[in-house]
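In what follows, a single structure is set out as structure tokens and then discussed.
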Amino acid sequence: MSVDSIYRHIRSHLAQDVRAALRGSQGLSTSDMIQRLADVANDALHARRAALEAGHTQNSLRAGDAELRALTVLLGRFGIDDLELIDQLKAGETLARAVGQATTRNPAIGTEVATRLRLLGDSQTADALERHAAVAAGSNPEMKEVTE
């Protein structure tokens, strides 16, 4: 793959990827969007370095601009200044999904976690989890018998 083709790919797709990520495309979690922006920045970094090594100063400058724009969105829009935060965000999303699934199967789990969340000062998440537990209890006849 030539430096020129890498540059064309970055030029053609960076703006579209950033716009799609910031629009909150269906099916993309926040960590997915942030990871994609980090990938774009990383790809642009490699393209910039390859262009410099090949003596293509203009392409290097363009790739550097693409890298800077992706990093600016990461820092400005999402406040990401350390890529380890992406892993932490993914872990939090996985934990939330697991709690939601466990609550669907056993609403008492969600109620207990909601109580703990409230004690830790997160009433908003506790309220949402309690609503989910109430819906799950109403739609799960076996659990309804256990909770009555």
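The values are calculated or read from the model by the stated rules, or taken from the named source; none is laboratory data. Please read all numbers here as calculations on a predicted model, not as lab measurements. Virtual Cβ from ideal backbone geometry, glycine too; neighbours counted across all protein chains shown.
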(request) State all residues of region 96-127 that are buried (at least 16 other Cβ atoms within 10 Å of the Cβ), small (Gly, Ala, Ser) and either at positive phi or not in a helix (DSSP H, G or I) (or both); if no residue qualifies, say none. (result) none
(message) Residue pairs, Cβ under 7 Å, 6 or more apart or interchain, first in region 79-99 and free of Cβ contacts under 8 Å to residues at least 12 places away in the same chain, second exposed (fewer than 15 other Cβ atoms within 10 Å of the Cβ). List them.
(response) Asp81/Leu75
(message) Yes or no: region 58-74 includes at least one residue that is assigned by TED's automatic domain parsing to the domain that holds Ser29, among the basic types (Lys, Arg) and part of a helix (DSSP H, G or I).
(response) yes
(request) Just give me the residues in region 82-132 being within 30 Å of Thr72 (Cα to Cα) and of a type in the set (A, V, I, L, M), in sequence order. (result) Leu83, Leu85, Ile86, Leu89, Ala91, Leu95, Ala96
(request) Being of a type in the set (S, T, N, Q) and surrounded by 15 or more Cβ atoms within 10 Å (Cβ to Cβ) is the filter here, so list the residues in region 30-58 that pass it. (result) Thr30, Ser31, Gln35
(request) Please work out if Arg77 is closer than 30 Å to Arg131 by Cα, of a type in the set (Lys, Arg) and under 23 Å from the mean Cα position of the chain (by Cα). (result) no
(request) Identify, from the list Gln88, Gln124, Gln58, the residue that is of a type in the set (S, T, N, Q), farther than 21 Å from Met33 by Cβ, out of contact with any Gly (no Cβ under 9 Å at 6 or more places or on another chain) and modelled with pLDDT under 90. (result) Gln124
